[in-house]
1. If I build a Gaussian network model for the chain, linking alpha-carbon pairs within less than 10 angstrom, which residue out of Asp20, Asp35, Asp78 has the largest mean-square fluctuation?
2. Please check: in the Gaussian network model of the chain (C-alpha springs, under 10 Å), which one of Thr103, Thr74, Thr268 has the largest mean-square fluctuation.
3. Once you list every other residue whose beta carbon is under 13 Å from the beta carbon of Arg277, what net charge do they have if Lys and Arg are +1 and Asp and Glu are -1?
4. With +1 on the Cβ of every Lys and Arg and -1 on the Cβ of every Asp and Glu, and nothing else charged, how large is the dipole of the stretch 2-173 about its Cα centre, in debye rounded to the nearest 20?
5. Relative contact order (percent) for the chain, with alpha-carbon contacts under 8 angstrom and 6 or more residues of separation?
6. What does the C-alpha gyration tensor say about the overall shape of the stretch 16-124? Classify as rounded when a/c is under 1.5, otherwise prolate if a/b is larger than b/c, or oblate.
7. Could you give each residue of the stretch 215-229 its phi-based ³J(HN,Hα) in whole Hz, using Karplus coefficients 6.51, -1.76, 1.60 with θ = phi - 60°, and x for Gly or Pro?
8. Once you sort the root eigenvalues of the Cα gyration tensor of the stretch 15-66 as a ≥ b ≥ c, which label holds: rounded (a/c under 1.5), prolate (a/b larger than b/c) or oblate (the other case)?
Amino acid sequence: MKIFERSGDLEFFLDSCRKDNKAVSLVPTMGGLHDGHLSLVEKAQSLADVVVVSIFVNPTQFAKGEDFDSYPKTFSNDKFLLEERGIDVLFIPSKDEIYPNGTLSNYDVGEIGRLLCGFSRPFHFNGVAQVVNRLFDIVKPNYSIFGEKDYQQLLIIKSLVKNNNLNVSIESVSTQREDDGLAMSTRNKYLGTKDRMKAPLFYQQLINAKTAIEQGNPIEFVTQKALSELSVNFEVEYFEVLNANNLTQIATNTAEIIIISAIRLGETRLIDNIVFRRSNV
């Protein structure tokens, strides 16, 4: 596995790969790797000849008071996991390498970036779009892989690519879960023993809501019931049932549905979702 810290060195290496007609996949991460990340790596390997994994904790997507400074940093283990899986390239740039002209940005990802997570974390998705666009500029991948757990982010990245006519295919991988259903996340490390035992109840409520919708219950009823039951164990940030294609309100003929939610358990913020198709539409 080749490790690059400087973008110019990485670009030179990838140019030589492209001259040999090799396709390139990019998996952007912030480190703290787990099996969810590794499922993205596996997908990347299935699509391209050369796989680049980046590790960069991006400051522009964190607000003041969030966990930028405390975000789990496990580089030695990350490096081991990637080497074990035969990754071609690990890119570990500095802040100055990613943002040589400073971090100020005029990115505006539009209304979709101000909903849900974007409402409670203003400018978060602008920062995500900023760093992803910069990584695309450096790596120039044929493919880039993202997880469906961060569903709103996935739609925003797809929109970024479309709006800027970027020549990269955005591929997604389904949410990877622990045995008890909790969505895998680097931030799960923050959970204490008691909170970790409660955490699977979050996903269970999403399953219950999906079942209720499939049984024909009204969306408003399902939403209010879920909010009430979630509030017993969690601080609920949002719980919505929306059109999975664009995160707008569903209509009577909307087939692709997403149940999407964010909660806090102690000091830990968790997000999750379920996407499904209504059979009666």
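1. Judging by the Gaussian network model, the answer is Asp20.
2. Comparing Thr103, Thr74, Thr268 in the GNM, the peak value goes to Thr74.
3. So the surrounding residues net to 0.
4. 300 debye
5. 17 percent
6. The shape class here is prolate.
7. 3J(HN,Hα) across the stretch 215-229, in whole Hz: 7, x, 5, x, 4, 4, 5, 4, 5, 5, 5, 5, 4, 5, 6.
8. oblate
Here, each number is a calculation from the coordinates, and none is a lab measurement. All values reported here derive from a predicted model rather than from experimental measurement. Because the Cβ atoms are built from the backbone with ideal geometry, glycine has one as well, and the counts that use them run over all protein chains shown.
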